[in-house]
Amino acid sequence: MDGSEVILGGWVHEVRNIGKIVFILLRDHSGIVQVIGKEGDVSENVMHSMNLPKESVVMVKGRVKKNGESKLGFEIVPSEIVNLNPLESAIPFEVTGKVPAEIDVRLDNRHIDLRRLDTTSIFNIQSTVLGSFRKTMAKDGFTEIRTPALVEAATEGGADLFKVEYFDRKAFLAQSPQLYKQLAVIGGMDRVFMVVPVFRAEKHNTVFHLNEITQMDAELGFADHNDAIRLLKKAVKNIIKDVVYSNEQDLKRLSADAGEPKVTEIRYAKAVSLLNENNLNIEFGQDFTREQEGALCSILGDLVLVKEYPKRVRAFYSMPNEKDGRVCNSFDLLYKGLEISSGAQRIHKPEMLVQSIKEHGLDSADFDFYINAFRQGAPPHAGWSLGLERLTMKLTGAQNIRECCLFPRDRVRLKP
Ligand code: ATP
Ligand code: MG
């Protein structure tokens with residue numbers, strides 16, 4: 001394009017004025033280009049209009065000029081610069097990153113924070129994740145569905161639910177699409193997937209938890225947990241491959257390494273022995289601590305799939321294992337030491353379901369419509385749920401899950 005006329009829109013990242021030359025680093029989501037005004041090359045008027053405050057939003061008309069010494073191999077010689085909307089208030093922190101800003105300040109001003117190229121890269125990667133997930137599922141013949149966010153009863157027990165007023169009744173925000181995706185399979189849709197917001201009123205304040213998250217879910221009819229595991233492995237491997245292929249620049253900018261798309265599968269019982277051999281004491285029947293999950297990934301690899309957990313640490317709808325009555329056909333996928341997905345074969349026998357609901361200390365009356373559906377031709381089925389923000393966190397190397405949600409909702413944050 002050397003010599004071509006172009007019109008660029010973007011933000012003023014930095015201005016350097018060294019007398020006879022003025023530089024603007026002009027930024028948009030795709031990167032930064034240098035606009036160079038040299039005395040003699042451009043009019044005095046244009047030189048003057050280049051003295052803009054950082055973060056001004058501008059239109060630059062100019063000519064592309066090849067320059068082997070500049071970062072991109074070219075720069076822009078301006079013929080006109082228009083300040084599209086002069087700044088009326090101060091920018092709360094340095095978009096350049098030269099002065100680091102606290103995450104709370106950045107999140108309070110997310111529209112400014114999104115101008116940081118690091119933040120842009122995180123959401124470029126997240127976009128690839130969503131596209132890749134949909135591609136894998138569609139290719140395997142899955143139908144994308146939507147499930148309700150407003151529900152009458154809890155999915156997995158009464159705690160951790162946000163109550164809302166629903167006309168003259170009370171309702172809740174769904175903590176998972178679990179029951180609905182199962183109903184879709186029982187309804188003969190056979191293979192369904194969804195990308196849905198779910199809400200968890202968990203009070204803990206950690207770098208791994210949000211109160212509104214996006215779940216990527218799948219449910220398969222005529223399937224057991226091993227079928228579901230095969231699908232999950234494929235989806236996650238494809239996501240990593242697609243991100244490595246499509247987001248090379250973003251990963252580089254973030255100094256992130258997505259890791260090897262190789263999944264090591266291990267039974268819970270075996271994982272318990274392995275941890276004990278490594279002096280991370282755990283008894284059969286206990287759930288893993290975060291430290292233990294981290295250790296499993298250090299020993300076995302970036303992606304570890306643990307299957308057949310003890311019944312009592314899993315949701316009531318998990319199918320008991322035929323060979324070992326202590327465990328159920330459930331599984332978790334760990335990625336770089338963090339749980340990113342949970343799944344299971346579901347109980348499809350109504351009496352077994354009632355029994356399990358009781359054993360988990362819940363009231364089967366609350367699950368009437370759910371249990372009754374299993375009396376009317378429910379096939380064996382299995383599925384999983386993959387947390388979008390946690391997966392993004394591990395792909396991008398972010399230390400705080402809030403970085404991986406455009407407008408995070410946590411214990412205190414409800415704005416913007
Ligand atoms: P954890 O025990 O790690 O808090 P969980 O087992 O309660 O998670 P699940 O109900 O299994 O979570 O949810 C499925 C997936 O959704 C998880 O594997 C995780 O990726 C994601 N997820 C669940 N809760 C949260 C949360 N509060 N914040 C962020 N992601 C979450
Ligand atoms: Mg889980």
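Go over the candidates GLU88, GLU80, GLU75 one by one and state the one that is loosely packed, with under 15 Cβ neighbours inside 10 Å and part of a strand (DSSP E or B).
When all the criteria are applied, what remains is GLU80.
Rundown of residues vs (1) in contact (Cβ under 8 Å) with a residue 40 or more places away in the chain; (2) open to solvent by 30 Å² or more (accessible area, probe 1.4 Å); (3) out of contact with any Leu (no Cβ under 6 Å at 6 or more places or on another chain); (4) of a type in the set (A, V, I, L, M), yes/no style:
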position: ASP160; (1), (2), (3), (4): yes, yes, yes, no
position: LYS163; (1), (2), (3), (4): no, yes, yes, no
position: TYR166; (1), (2), (3), (4): no, yes, yes, no
position: LEU173; (1), (2), (3), (4): no, yes, yes, yes
position: PRO177; (1), (2), (3), (4): yes, no, yes, no
position: GLY187; (1), (2), (3), (4): no, yes, yes, no
position: VAL196; (1), (2), (3), (4): yes, no, yes, yes
position: ALA201; (1), (2), (3), (4): yes, no, no, yes
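Going by the structure shown, is VAL129 in contact with a strand residue (DSSP E or B) (Cβ under 7 Å, 6 or more places away or on another chain) and not in a loop (DSSP other than H, G, I, E, B)?
Against the criterion (in contact with a strand residue (DSSP E or B) (Cβ under 7 Å, 6 or more places away or on another chain) and not in a loop (DSSP other than H, G, I, E, B)), VAL129 does not qualify.
Hey, can you tell me all the residues within segment 261-309 that are touching a residue at least 24 places away in the same chain (Cβ under 8 Å), open to solvent by 60 Å² or more (accessible area, probe 1.4 Å) and in a helix (DSSP H, G or I)?
Result: ARG290, SER298, ILE299.
If I go through segment 384-412 residue by residue, how many of them are away from ligand 1 (no atom under 13 Å from the Cβ) and part of a loop (DSSP other than H, G, I, E, B)?
5
Determine which member of the set ARG106, ARG63 is in a strand (DSSP E or B), over 14 Å from PHE23 (Cα atoms) and at pLDDT 95 or above.
ARG63
State the number of residues belonging to segment 121-160 that are over 30 Å from LEU231 (Cα atoms) and not small (Gly, Ala, Ser).
The total comes to 1.
Yes or no: VAL327 of a type in the set (Val, Ile, Thr) and either more than 16 Å from ligand 1 (Cβ to nearest atom) or without any contact (Cβ under 8 Å) to a residue 24 or more places away in the chain (or both)?
Yes, satisfied.
Consider PRO310 carefully, then state whether it is farther than 28 Å from GLY187 by Cβ, under 30 Å from the mean Cα position of the chain (by Cα) and away from ligand 1 (no atom under 16 Å from the Cβ).
It is false that PRO310 is farther than 28 Å from GLY187 by Cβ, under 30 Å from the mean Cα position of the chain (by Cα) and away from ligand 1 (no atom under 16 Å from the Cβ).
Of (1) open to solvent by less than 30 Å² (accessible area, probe 1.4 Å); (2) in contact with an Asp or Glu (Cβ under 9 Å, 6 or more places away or on another chain); (3) within 16 Å of ligand 2 (Cβ to nearest atom); (4) aliphatic (A, V, I, L, M), LEU391 satisfies all except one. Which?
Tallying (1) open to solvent by less than 30 Å² (accessible area, probe 1.4 Å); (2) in contact with an Asp or Glu (Cβ under 9 Å, 6 or more places away or on another chain); (3) within 16 Å of ligand 2 (Cβ to nearest atom); (4) aliphatic (A, V, I, L, M), LEU391 fails exactly one: (2).
Results for (1) charged (D, E, K, R); (2) more than 16 Å from ligand 2 (Cβ to nearest atom); (3) open to solvent by 30 Å² or more (accessible area, probe 1.4 Å), shown as yes or no for each residue.
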{"site": "ASP324", "(1), (2), (3)": "yes, yes, yes"}
{"site": "CYS328", "(1), (2), (3)": "no, no, no"}
{"site": "LEU338", "(1), (2), (3)": "no, no, no"}
{"site": "LYS349", "(1), (2), (3)": "yes, yes, yes"}
{"site": "LEU353", "(1), (2), (3)": "no, yes, no"}
{"site": "GLY377", "(1), (2), (3)": "no, yes, yes"}
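So if I check each of LYS336, LYS394, LYS358, which one is farther than 22 Å from PRO177 by Cβ, without any contact (Cβ under 8 Å) to a residue 12 or more places away in the chain and basic (Lys, Arg)?
Sole residue among the options that is farther than 22 Å from PRO177 by Cβ, without any contact (Cβ under 8 Å) to a residue 12 or more places away in the chain and basic (Lys, Arg): LYS358.
The values are calculated or read from the model by the stated rules, or taken from the named source; none is laboratory data. Worth saying up front: this structure is predicted, and the values here are computed from it rather than measured. When we count neighbours, we look across all protein chains shown, and the Cβ atoms used for this are built from the backbone with ideal geometry, even at glycine. With ligands, DNA and RNA removed, areas are computed over all heavy atoms of the protein, side chains included. Shrake-Rupley method; radii C 1.70, N 1.55, O 1.52, S 1.80 Å.
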